[in-house]
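Heads up, the thing below is written out as structure tokens.
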Amino acid sequence: MVTRRVMLRRSAHVAGLLATAGLLPAGARAAWPQAAFDAKNMADAIKALGGAAPVESKDVTLTGPDIAENGAVVPVACACNLAGVKRLALLVEKNPNTLAAVFDVSDALEPSVSTRVKMGQSSNVFAVAMLSDGKVLFAQKEIKVTLGGCGG
Amino acid sequence: MADPMRIRAQAQGDKAVVRVLMSHEMETGQRKDSAGKTIPAWFIQEVTAMHNGTTVLSAEWGPAVAKNPFLQFTIKGAKAGDKITVNWVDNRGEKRSDEAAVT
């Protein structure tokens with residue numbers, strides 16, 4: 001019979017093995033840019049991602065609703081029609097942490113992604129494109145959030 | 001183990017549009033439960049998409065991505081029958097990998 005004590009000892013051993021093999025979540029999460037997701041504004045977030053100061057550009061497009069009825073599910077899409085896009089990022093200005101998502105796009109992918117984000121309140125949303133030549137461009141759009149349908 | 005992802009990949013000319021719907025709580029870590037205690041954050045941190053085994057997209061997400069996340073992207077040069085694999089890892093280290101064929 002396997003007692004609890006034996007079981008505990010075994011699991012500790014297995015955990016140790018996993019840690020040495022780098023299989024534990026802490027190891028797996030190392031690539032996640034914590035500093036960028038902790039940033040409170042766009043400039044800090046982009047800097048934490050290793051980008052230059054963003055410049056507004058018509059080559060980046062951000063699509064989303066003018067008014068979102070439910071801030072928990074706001075469909076947004078960002079795209080860039082220039083060549084050499086390395087990264088696309090979506091940011092919501094007035095969320096507790098500005099950065100929502102970062103997409104590393106390879107050459108095999110059209111530089112265009114859509115997803116759904118959460119918004120705490122009406123705010124500007126930014127789409128940022130980081131190009132391979134070091135340029136950082138952005139587009140912005142104000143999205144109003146109607147919470148519970150009682151006006152925003 | 002989390003529920004499977006729903007992946008639909010449709011060929012459109014020389015491209016394929018991939019739509020992925022993942023099943024995940026995406027808890028922000030900002031909400032409080034009825035007892036006033038903060039509900040710990042639980043969200044997908046990393047998503048990777050592969051086309052016939054080559055990584056074409058990797059994404060890092062914060063808790064601001066909506067519950068049951070939706071993701072759409074377009075792969076150049078993909079044709080019917082190609083294999084699309086999508087993986088995610090959340091901040092608890094849970095993983096999920098699903099695949100679909102381009103139709």
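Can A:ALA39 be described as crowded, with 17+ Cβ neighbours inside 10 Å, within 15 Å of the chain's Cα centre (by Cα) and modelled with pLDDT under 80? Answer is yes for this residue. Against the condition farther than 17 Å from A:ALA100 by Cα, over 15 Å from the mean Cα position of the chain (by Cα) and either among the hydroxyl-bearing types (Ser, Thr, Tyr) or buried (at least 20 other Cβ atoms within 10 Å of the Cβ) (or both), how does B:ILE75 come out, does it pass? Yes: the conditions hold for B:ILE75.
Residues are listed down the side, and each one gets a yes or a no for (1) under 16 Å from the mean Cα position of the chain (by Cα); (2) surrounded by 15 or more Cβ atoms within 10 Å (Cβ to Cβ); (3) over 19 Å from A:PHE103 (Cβ atoms); (4) away from every other protein chain (no Cβ under 13 Å):
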{"residue": "B:HIS24", "(1), (2), (3), (4)": "yes, yes, no, no"}
{"residue": "B:LYS32", "(1), (2), (3), (4)": "no, no, yes, yes"}
{"residue": "B:TRP42", "(1), (2), (3), (4)": "yes, yes, yes, no"}
{"residue": "B:THR54", "(1), (2), (3), (4)": "no, no, no, no"}
{"residue": "B:GLY62", "(1), (2), (3), (4)": "yes, yes, no, no"}
{"residue": "B:ASN87", "(1), (2), (3), (4)": "yes, yes, no, no"}
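From the residues in the stretch A:119-129 that are crowded, with 23+ Cβ neighbours inside 10 Å and within 13 Å of another protein chain (Cβ to nearest Cβ), which one is nearest to B:GLU25 (Cα to Cα)? Only one residue fits best here, namely A:MET119.
In the stretch B:1-14, of all residues being more than 14 Å from B:ASN87 (Cα to Cα) and surrounded by fewer than 17 Cβ atoms within 10 Å (Cβ to Cβ), the one that is nearest to the chain's Cα centre (by Cα) corresponds to B:ARG8.
When A:PRO96, A:PRO75, A:PRO65 are checked against the criterion of being in a loop (DSSP other than H, G, I, E, B) and at pLDDT 85 or above, A:PRO65 stands alone in meeting it. Of the residues making up the stretch A:51-94, those that are crowded, with 20+ Cβ neighbours inside 10 Å, within 14 Å of A:GLY134 (Cβ to Cβ) and free of Cβ contacts under 8 Å to residues at least 60 places away in the same chain are A:VAL85, A:ARG87.
The values are calculated or read from the model by the stated rules, or taken from the named source; none is laboratory data. This is a predicted model, so every value here is computed, not measured. Positions of Cβ are generated from backbone atoms using ideal geometry, with glycine treated the same way; all protein chains shown enter the neighbour counts.
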